[in-house]
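For reference, the structure discussed in these notes is given below.
The values are calculated or read from the model by the stated rules, or taken from the named source; none is laboratory data. Since the structure is predicted, the reported quantities are computational estimates derived from the model, not experimental observations. Neighbour counts are summed over all protein chains in view; Cβ atoms, including those assigned to glycine, are modelled from backbone coordinates with ideal geometry. Each accessible area value is taken on the protein alone, full model and side chains, heavy atoms only, with ligands, DNA and RNA left out. Shrake-Rupley method; radii C 1.70, N 1.55, O 1.52, S 1.80 Å.
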Amino acid sequence: MGMLTRGLKSAPLWAVLLWSCAAAAQSSAAQMAGTDAQAPVHPAYPTGAATPLGAQIDALLADPGVSRAHWGIAVTAMDGTPIYGLDEGKLFRPASNAKLFTTAAAMALLGPDATVTTKIVGDLDAHGTVKGDLTIVGAGDANLASDDVPYVPPALRPKGPQPQAVGLDDLRAMTDQLVAKGVKRVTGRVVGDDTLFVYEPFADSWNVGDLVWGYGAPVSALTIADNEMKLTVTPGAVSGRKGHEQYAPATVTLDQNGVPYYTVNSQLDVTAAGTGSHVNVERLPGSRVLRVYGSMGVDAQPDVEHVSIDDPAMYAAIALKQMLTERGIRVDGEAMVQHREIHDGHGFLSSVDAPLTDCEQRAVDGRGLCPPSCPVAVPRSILASHTSAPLAEDVTLTLKVSQNLHAELLLHRFGSWWLGPCWNETKGSTVAGARMRHAFLLQAGLDPGDFVLYDGSGLSGHDLVTPRATAQLLAYAAKQPWFAQWKAALPVGGEDGTLAGRFPDPPLKDHLFAKTGTLGESRALSGYVDTASGKQVIFSIFVDDHAPAGSNDRKVMDEIVAAIAGNE
């Protein structure tokens with residue numbers, strides 16, 4: 001078409017228009033023909049007020065506080081048979097409901113028992129000297145140096161003061177393994193290697209304002225302590241008589257696990273009692289200076305925030321070098337990081353939609369991985385290692401607390417797992433993982449026009465999903481051997497996870513198993529609910545563009561769930 005377009009530059013305008021119209025019509029006809037040939041036929045969903053459930057939902061959505069928002073609902077039996085629908089085929093932002101798609105793919109493709117192993121490698125001689133660099137090699141373990149797994153529901157947690165976890169415990173344990181190996185000196189550097197994944201810390205269209213916070217932590221194959229730190233702001237003391245009070249500066253404490261990584265620049269005002277807390281944190285991309293600013297009432301409670309570590313692999317290298325030095329091991333070189341940049345310039349959607357390779361298809365089909373087709377390099381000596389918790393435990397944490405970083409790491413694991421020891425320029429990338437998830441969802445019977453997912457967690461504003469696709473995924477999952485573990489990983493109404501404070505009363509308490517989602521003015525809730533008739537049904541509820549103030553949409557969403565449970 002490029003040559004044809006250049007030739008038309010000198011043609012009369014009417015000829016250009018005629019050709020353009022003909023080409024557009026031809027292209028449109030071809031697309032329609034392709035669509036007609038490939039588009040799945042969706043069963044009809046009963047809608048409107050023709051049923052008691054529909055009439056009840058119509059009445060709830062007529063509330064002026066929610067009627068201007070865009071709602072989509074799909075309700076089905078456990079086998080996927082439609083029960084009720086409202087714009088179930090329209091696209092909505094899934095927010096953290098995207099984690100349903102990512103974790104289901106993880107359970108199917110990687111398996112509930114899958115583990116990965118972080119290693120420290122180097123060339124150790126008989127005298128205890130590591131000749132050259134000592135490298136900690138990331139394997140995509142989401143829980144390295146984190147005490148979050150296994151997830152314990154609130155009701156089962158011990159009462160009273162909790163024992164404090166030892167910071168960076170897994171890294172300390174690996175350093176102790178080095179001591180036990182007899183390591184006394186490193187002549188080179190301490191390297192944090194996260195090259196298993198392409199270095200793309202943030203997915204497409206993540207909001208730049210999210211990146212300073214723990215929920216927007218960067219993705220790295222060498223993730224450590226959830227790639228975040230706890231920052232606590234406490235108001236200063238007040239002195240002086242009434243009307244002449246003086247306020248001491250606020251105290252800002254950043255828990256860096258004893259590793260000097262960030263510098264904190266505090267610009268906080270302490271204000272009179274009753275003025276509340278208005279604290280914000282700012283960090284420029286690539287900077288290691290946190291600016292904490294705003295104001296804090298002298299009587300305000302401490303403000304606890306979680307800020308992201310901008311380069312986790314570098315942080316891990318600095319921490320490891322410090323631990324070596326503390327144990328009397330001499331390190332001649334500096335701490336440094338090793339990343340792998342992406343060089344593939346193809347567009348995201350075109351890459352995701354491209355046909356699978358034979359090896360990718362084999363992996364998705366469950367026929368095993370292709371034998372290595374590449375020369376496998378002789379590995380350096382493994383001097384220390386740590387094996388992750390089973391994948392099912394991480395999926396539980398990811399769904400219960402809606403852990404964004406862990407969902408992204410699962411997506412990147414798809415993108416490296418199927419290649420085994422071989423390498424290509426997209427191995428471990430977001431798009432490579434998205435291709436595998438996309439193929440899994442098609443194999444599960446979802447309409448490719450019903451979902452567009454740019455990341456693993458739902459933090460991307462480009463993600464779009466239909467309620468019927470979500471319900472279809474939930475129905476598909478119910479037939480899989482890993483379903484019991486996956487369903488148990490969902491938050492339980494009135495009990496745990498992100499639903500601990502919702503549905504606190506019978507009959508829904510302990511009878512609702514669903515994933516929440518919140519992103520800007522979008523909200524979602526999808527899962528399984530026990531009904532008054534003793535059956536269990538599937539539901540998916542999305543709302544876009546609700547009013548930014550208040551939570552009327554969440555209140556009505558919960559009332560819709562209650563209506564579903566009471567009518568089926």
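Details
- Amide H contacts of residue 213: 308, each under 5 Å away and 5 or more positions distant or on a separate chain (H built 1.01 Å from N in the peptide plane; Pro and chain starts excluded).
- Cα-Cα pairs of the stretch 124-236 separated by more than 16 Å (percent): 73
- Label-point gap, in nm, between residue 208 and residue 41 - each point 7 angstrom along Cα→Cβ: 5.1
- With every protein chain in place, the chain: carbon and sulfur % of accessible area (1.4 Å): 56
- Long-range Cα-Cα pairs in the stretch 70-201 (distance over 26 Å), rounded percent: 53
- Range of Cα positions in the stretch 168-300 per principal axis (Å), largest first: 65, 41, 21
- Peptides 447-453, 117-123 ordered by average Cβ neighbours within 10 Å, highest first: 117-123, 447-453
- Of the GluC sites (Glu not before Pro) found in the stretch 224-315, those in coil by DSSP whose Cβ has at most 14 other Cβ atoms within 10 Å are 245.
- With R₀ set to 25 Å, the beta-carbon distance separating residue 55 from residue 535 gives a calculated FRET efficiency near 0.80.
- For q = 0.14 Å⁻¹, Debye-computed log10 I/I(0) when each Cα of the stretch 481-568 counts as one equal scatterer: -0.47
- An oblate overall shape is assigned to the stretch 445-492, the ratio a/c of its alpha-carbon gyration tensor axes (a ≥ b ≥ c) being 1.5 or greater and a/b not exceeding b/c.
- FRET efficiency for residue 117 and residue 325, using Cβ-Cβ distance with R0 set to 30 Å, rounded to 0.05: 0.75
- Global geometry of the stretch 261-364, whether rounded, prolate or oblate, following the gyration tensor of its Cα atoms and the 1.5 cut on a/c: oblate
- Model label sites at residue 367 and residue 288, defined 7 Å from Cα along the beta-carbon direction, differ in position by 5.0 nm.
- For the stretch 381-540, alpha-carbon Rg relative to the globular expectation (2.2 N^0.38 Å, N residues): 1.14
- Shape analysis of the stretch 419-471 places it in the oblate category; the axes a ≥ b ≥ c from the Cα gyration tensor give an a/c of at least 1.5, with a/b not above b/c.
- Taking every protein chain into account, the accessible area of the chain amounts to 45 square angstrom per residue (probe 1.4 Å).
- For residue 278 and residue 164, the FRET efficiency from 1/(1 + (r/R0)^6), where r spans their Cβ atoms and R0 equals 35 Å, is about 0.75.
- Within straight-line cross-link reach of residue 99, lysines at Cα separation under 16 Å, skipping those fewer than 8 residues along the same chain: 400, 487, 515
- Neighbour-limited loop hits for trypsin sites (Lys or Arg not before Pro), the stretch 477-533 (at most 14 other Cβ within 10 Å; DSSP other than H, G, I, E, B): 479
- Cα→Cβ-extended label distance, 7 Å offset, between residue 245 and residue 443, nm: 6.3
- Taking every DSSP beta bridge that has both ends in the chain, the antiparallel portion is near 75%.
- Hull shadow area, averaged, the chain [alpha-carbon convex hull, nm²]: 35.3
- If a spin label sat at a point 7 angstrom from the Cα of residue 332 along the line to its beta carbon, the backbone N atoms of the stretch 125-150 nearer than 16 Å would be those of 125-135.
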